[in-house]
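Notes to accompany the following structure.
Only the coordinates and a few stated rules stand behind these numbers; no lab work does. Remember, it's a predicted structure, so these values are computed and weren't measured experimentally. Here the Cβ positions follow ideal geometry from the backbone for every residue, glycine too, while neighbour counts run over all protein chains shown.
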Amino acid sequence: MLDFFHDKAYAETEKPVRVTGTRGGEPVDVTETLGSTVRGFNMSHGMNYLTLDVVHRWNACPEPGCTGRLQPYVGAGAGLVIPHVEAAIGDASVSEYQVHGPAFQVLGGVAWPFASRFAVSGEYRFTHTSVTVDVPGGTLGTTLDTHHLMAGPSLRLPGL
């Protein structure tokens, strides 16, 4: 399965973080709030995941017309993360897509075909990525562990 989806990430700028590197030409290795240096940091236009997954489905319907049988499934995959980085540091700012990786996910769910080409499903997904993004004057790193719950209808196209 090729999967593309996104969520959003917002920094807690009042949370203490470890800061290392140089500031004004001087070495820095301190703990301070993110907001003391960074005016804003988020990925609100998308923390986009592109993964290639392996999925195993039980009780799969081999062709359209198979209805009424629950179809549990599990899967796992890896790929890239494409965040839309929005950061403001001092008078400089950035608002751009960047490509990073790796990203990982595991998932499980159940589908119930109620008509020849229609089904409803529910799914739990856990995603993990650690990214270091480019911002004005340096980099910012974060680890994102995200839990997703999804539910909805699906349509099976003719010939698939």
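Evaluate E = 1/(1 + (r/R0)^6) for Asp134 and Asp3, where r is the Cβ-Cβ distance and R0 equals 22 Å; express this FRET efficiency to the nearest 0.05.
In this case the efficiency is close to 0.30.
Provide the FRET efficiency to the nearest 0.05 for the Asp145-Ser95 pair, computing r from the beta carbons and using R0 = 25 Å.
0.50
Modelling each spin label as a point 7 Å along the Cα-to-Cβ direction, I'd like the Lys15/Ser36 distance in nm, to one decimal.
Here the answer is 1.7 nm between the modelled labels.
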